[in-house]
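Here is the structure we will look at, set down as structure tokens.
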Amino acid sequence: AVRGLGEVCPLPGFHSESLDEAAAQLRSVAHRLQGALLPFAVARLDGSMSAWLAAACDRPSKLASGPLLPSVRCALEMACLHLLAQAANTSIAQLVCCARRAPYQSHVRINGLLARGEASSLEAAADAARAAVDSARPSSRACASGPAVKHAAARMRTWKVKVGGGDPAADGRRIGKLLLGCTALGARLRLDANQAWSREQAATFCEAMQTEWEAGCAALCPEHQRGDGAGAVSAPAPRWPPPALDFCEEPLMARLHAQLPALHAQYGLRHAIDEGALPAAAEALERLAASCATSGSDGASARGGEAFRALQERLGDASCAGLILKPTLAGGLEVSAR
């Protein structure tokens, strides 16, 4: 016998349902799924999973607890895909790629995470780079070679850092220093503000970050110092934004997302969409459920609603660097894939 595993993990402050509510709904659904035939076609994640869940659960909308909660739907989909993968003696990734006739990638890159206020080897790398200059060593990259720095550099090419929730100027100075460390290590930095800032606070952060970065570059590379006095060097300022800065997830409050292109134009800070994708995900779930309930179709009309079109428009702007998907918040793997 094979067994499929799924995880229910409602996140406080993000999910509308509690863990107790999710567990109660799982119990009410479990007996409906006993003995149900699970077809491999659900691994296509094209609406087939929603159609099967609707039929197996005798229409989730008829449950006493209402439609499937996002965390519950995600857990059920995970368990179904894991069960099919176990039965086929393969991985979930290979199963889905085969069903969707999509290219298979055997490795998924992950990034390191630094919580707000957490010290890191990136700051140690920046300090080591400055120390190398102070001691007249020829290479700032070579000096960033302590055991902790070497270990982190070998493991992580990209670091994610939480910002927001405090003084934006202090955040900016810290990130400017971290960018120096990333540059020394050949790493990249991704920020996450969780929609914490107003336009003015984001501007304060960006200005402090750039000032700290340029001051650090000047300390490391005196040829970047400029002035009008005798002996002053006139050289191009270091490139801003530096290649080490990937993007900032959701830097502005939700109601201010229309100002993100202007923020990018003024300060060079690109953004990634995270919480801003949830309305499109909710819309897709509603359209999938309506399609399955009315016609039993595979949910091909899940895309194309107003929220989905608005998300597409945002993704097409030059200021947008990427889309962050959280299947347990969006309502499962299928809606995320769509």
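The values are calculated or read from the model by the stated rules, or taken from the named source; none is laboratory data. On a predicted model such as this, the values are computed, not experimentally measured, just so you know. Cβ coordinates were reconstructed from backbone atoms using ideal geometry, including for glycine residues, and neighbour counts include every protein chain displayed. Please note that ligands, DNA and RNA were not included when accessible areas were found on the heavy atoms of the full protein model with its side chains. Shrake-Rupley method; radii C 1.70, N 1.55, O 1.52, S 1.80 Å.
Quantify, in whole percent, the carbon and sulfur part of the accessible surface of region 154-215 (1.4 Å probe; protein heavy atoms only). Taking all protein chains in place, region 154-215 shows 44 percent carbon and sulfur surface.
Database remark: amide H of Glu249 closer than 5 angstrom to the amide H of Leu191, Asp192, Ala193, Ala272 (H placed geometrically; neighbours at sequence offset of 5 or more, or on other chains; Pro and chain starts carry no H).
Taking all protein chains together and a 1.4 Å probe, the residues Phe308, Phe40 rank Phe40, Phe308 from largest to smallest accessible area.
Take region 14-111 with all the other protein chains still there, run a 1.4 Å probe, and you get 57 Å² of accessible area per residue. Taking each residue as 0.36 nm, the span from Leu11 to Ala215 lengthens on full extension beyond its C-alpha to C-alpha distance by 69.4 nm. Each label was represented as a point 7 Å from its Cα along the Cα-to-Cβ direction; for Ala55 and His31 these points are 2.3 nm apart. For Lys160, the residues whose amide H sits under 5 Å from its own are Gly112, Leu113, Leu114, Arg190, ignoring neighbours fewer than 5 places away on the same chain, with H placed 1.01 Å from N. Going by accessible surface with a 1.4 Å probe and the largest first, Met156, Met209, Met253 read Met253, Met156, Met209.
Take Glu207, Glu212, Glu249 and sort them by solvent-accessible surface of the protein heavy atoms, 1.4 Å probe, largest at the top.
Working: Glu207 95, Glu212 50, Glu249 10 Å².
Per-residue accessible area, sorted high to low, gives Glu207, Glu212, Glu249.
Note that region 200-210 has calculated 3J(HN,Hα) couplings of 5, 5, 5, 5, 4, 4, 4, 5, 5, 5, 5 Hz, one per residue in order, obtained from phi through the Karplus relation 6.51 cos²θ - 1.76 cosθ + 1.60 (θ = phi - 60°); glycine and proline are x.
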